[in-house]
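Notes to accompany the following structure.
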Amino acid sequence: MEIAEAVRGGRSRAVDVVTGALGRIRRGDRALCAFAEVWEAEALAWAAEVDGRVAAGEPLPLAGVPIGVKGAYGLRAAGPLIAAGCVPVGATSVPGSGTPWQTWGLGAHGRTVNPWRADRTPGGSSAGSAAAVAAGLVPLATGSDGAGSVRIPAAWCGVVGLKVTNGRLPSPDRTGLTAPGVLVRCAADAHAWWRVMTGAAPDALSGPPEPPTAVFSPDLGFAGPDPEPLALARAAVARLVDTGVVRLLRPEAPLVLEDPAPAWLALRAPGSDPGTARRIRAVNERRLDGFFARADLLLTPTTPTAPHGHEGPGDRYSTALTWSFNLSGHPAISIPAGLGTDGCPAGLQLVAARGGEDLLLSVAKAAAPRRLESPWPN
């Protein structure tokens, strides 16, 4: 990351970088409501420690990078990032206690808004993380994804959101549906996060020698997306093909999965019959195994709808295209696909075989070399 390079090279101090981030939060977050807590004194103390570590010659891959951590317990999972030189500046917003899961984020100053349109939701549940990154308050924020909770807000806020292979990194979720993730403004920064979290060498992100093969599915056989997010996703796929990032396959038969909703809900509901979940999982995993035996990537719209108002989506699940891959465990990333007529972003979802994070990140970097700049003032 550019910030870390500057701090390591002595061109910036971590204290100054973090002071700048805290100033942006102070100016902008009363309206955005992306943070539930801001840790000004602690963040400045941590930043001073980073400057001391850099001066002592410690090679910190993420030296001085200010980050938001998802929710009140996000700091517990940020140990590798802090060890790499990141400076947590606060806890980002998540749905309020006791509210329905369709609510989208409760910050210290009220409900979290979408940086592109304040009357629209940023998505959830990593609401504050996506909004803070999109608005430029911090360059990186952590998330967790149990049904699309990283990818959906990434799509609706116009940033990059990666969900890793389930079980690849620690997660407290006993159902196994939730995997850690990250929200950033460019795929190269997600790669830096991934290398730190896995302990891999901080090498450059290079693409495969040949364009990976990909298949576009508009609906996974059941989702029924609205025309505009589907059209934006199709246009994004066409750009990937035209620029040689992927090679699109025309399958003889489209991928058709079972709707994962009954299985996901059964796994989350205490006392439910697990038979439904086992049946749907078995069918979908067999079909996905067959799919990834012949193609490298599956491409879909990230969400079936545009961002809705704060009253909620009604009975329409924004998770329709994402939660299949929480059940199956496949890694997936959402990248910006463009802006709708309402002025809000839409996303393109890329899914790879289990363990395929490097492929996702290399394709995402080639697909979106320029970040989508939100109009949020900071």
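When the Cα atoms of the stretch 40-129 are enclosed in a convex hull and the volume is divided per residue, what value in Å³ results?
On the way: hull volume 9.5 nm³, N = 90.
Normalising the Cα hull of the stretch 40-129 by residue number yields 105 Å³.
What whole-number value in Å² describes the accessible area per residue of the chain for a 1.4 Å probe?
Working: 15150 Å² over 378 residues.
That works out to 40 Å² for each residue.
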**Message:** Give me, ordered by chain and number, the residues 5 or more places off LEU140 or on other chains with an amide H under 5 Å from its own placed amide H.
**Reply:** GLY68
**Prompt:** Among all stretches of the chain without exposed GluC sites (Glu not before Pro) (DSSP loop, at most 13 other Cβ atoms within 10 Å), which one is longest?
**Reply:** 1-251
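Rg/Rh for the stretch 232-289: what does it come to with C-alpha atoms and Rh from Kirkwood? All intermediate terms of the calculation are to be shown ahead of the outcome.
Numbers: Rg = 16.9 Å, Rh = 14.1 Å.
Ratio value, two decimals: 1.20.
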**Fill in**
In whole Hz, the Karplus estimates of ³J(HN,Hα) for the stretch 288-294 (6.51, -1.76, 1.60; θ = phi - 60°; x where Gly or Pro) are 5, 4, x, 4, 6, 6, 10
**Message:** On a full-extension model of 0.36 nm per residue, what is the gain between THR213 and LEU249, subtracting their alpha-carbon distance, rounded to one decimal in nm?
**Reply:** 12.3 nm
**Prompt:** Rg (Å, one decimal) plus Dmax (Å, integer) for the alpha carbons of the stretch 64-178?
**Reply:** 13.3, 38
**Fill in**
So, with points 7 Å from each Cα along the Cβ direction, the VAL283-ARG316 label distance in nm works out to 2.5 nm
**Message:** Whole-Hz ³J(HN,Hα) for each residue in the stretch 296-304, computed from phi via Karplus 6.51 cos²θ - 1.76 cosθ + 1.60 with θ = phi - 60°, x for glycine and proline: what do you get?
**Reply:** 7, 9, 10, 10, 8, x, 6, 10, x
**Prompt:** Quick one: with all protein chains in place, what share of the accessible area of the stretch 257-378 is carbon or sulfur, to the nearest percent (1.4 Å probe)?
**Reply:** 52 percent
**Item:** Table column - 3J(HN,Hα) (Hz), the stretch 14-24, Karplus curve with 6.51, -1.76, 1.60, x for Gly and Pro
**Value:** 4, 4, 5, 4, 5, 4, x, 5, 5, x, 5
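Got the relative contact order for the stretch 76-138 handy, in percent, Cα pairs under 8 Å and 6 or more residues apart? Display every interim value, and only then the final one.
Working: 75 pairs, mean separation 17.3, N = 63.
Averaging sequence separation for qualifying contacts and normalising by length gives 28 percent for the stretch 76-138.
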**Prompt:** Against the longest principal axis of the chain, how steep is helix 40-55, in degrees 0 to 90 to the nearest 10, with axes from Cα atoms?
**Reply:** 80 degrees
**Request:** Work out Dmax and Rg for the chain from the C-alpha atoms and quote the Rg first, both in angstrom.
**Result:** 19.6, 60
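Just the number: Rg to Rh for the stretch 291-355, Cα atoms, Kirkwood Rh, two decimals. Walk me through the intermediate numbers first.
Numbers: Rg = 13.5 Å, Rh = 13.1 Å.
Result: Rg/Rh = 1.03.
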**Message:** Cα atoms only: what Rg and Dmax, in Å, come out for the stretch 9-89?
**Reply:** 12.6, 40
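Rounded to the nearest 5, what % of the DSSP beta bridges within the chain are antiparallel ones? Don't jump to the answer; show the numbers that get you there.
Numbers: 33 of 45 bridges.
Percentage antiparallel, nearest 5: 75.
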**Request:** Keeping the other protein chains in place, figure out the carbon and sulfur percent of the accessible area of the stretch 1-154, with a 1.4 Å probe.
**Result:** 55 percent
**Request:** Relative to the longest principal axis of the C-alpha atoms of the chain, give the angle of the C-alpha long axis of helix 227-242, reported between 0 and 90° and rounded to the nearest 10°.
**Result:** 80 degrees
**Request:** Return the inverse of the average 1/r over all pairs of distinct C-alpha atoms in the stretch 1-152, which is the Kirkwood hydrodynamic radius, in Å to one decimal.
**Result:** 15.3 Å
**Complete:** Fraction of alpha-carbon pairs in the stretch 106-235 farther than 24 Å apart, rounded to whole percent, equals 38 percent
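Can you work out D for the stretch 199-353 in µm² s⁻¹ from Stokes-Einstein, where Rh is the Kirkwood radius over C-alpha pairs, the temperature is 10 °C and the viscosity is 1.306 mPa s? Provide the component values of the computation, followed by the final result.
Working: Rh = 16.8 Å.
My calculation gives 94 µm²/s for D.
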**Message:** Given 37 °C and 0.692 mPa s, compute D for the stretch 115-189 with the Stokes-Einstein relation, Rh being the Kirkwood radius over Cα pairs; round to the nearest whole µm²/s.
**Reply:** 271 µm²/s
**Message:** Counting only helical runs of four or more DSSP H residues, what would the 222 nm mean residue ellipticity of the chain come to if each run contributes -39,500 (n - 2.57) and the total is spread over all its residues?
**Reply:** -10500 deg cm²/dmol
**Prompt:** Amide H neighbours of LEU106 under 5 Å, counting only residues 5+ apart in sequence or on other chains, H built in-plane at 1.01 Å?
**Reply:** VAL94, GLY96, THR112
**Fill in**
Non-local residues with an amide H under 5 Å from the amide H of ARG247, with H modelled 1.01 Å from N and Pro and chain starts lacking one, are THR213, ALA214
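The values are calculated or read from the model by the stated rules, or taken from the named source; none is laboratory data. None of these values were measured; they are calculated from a predicted model. No Cβ is skipped: glycine too gets one built from the backbone with ideal geometry, and neighbour counts run over all protein chains shown. With ligands, DNA and RNA removed, areas are computed over all heavy atoms of the protein, side chains included. Shrake-Rupley method; radii C 1.70, N 1.55, O 1.52, S 1.80 Å.
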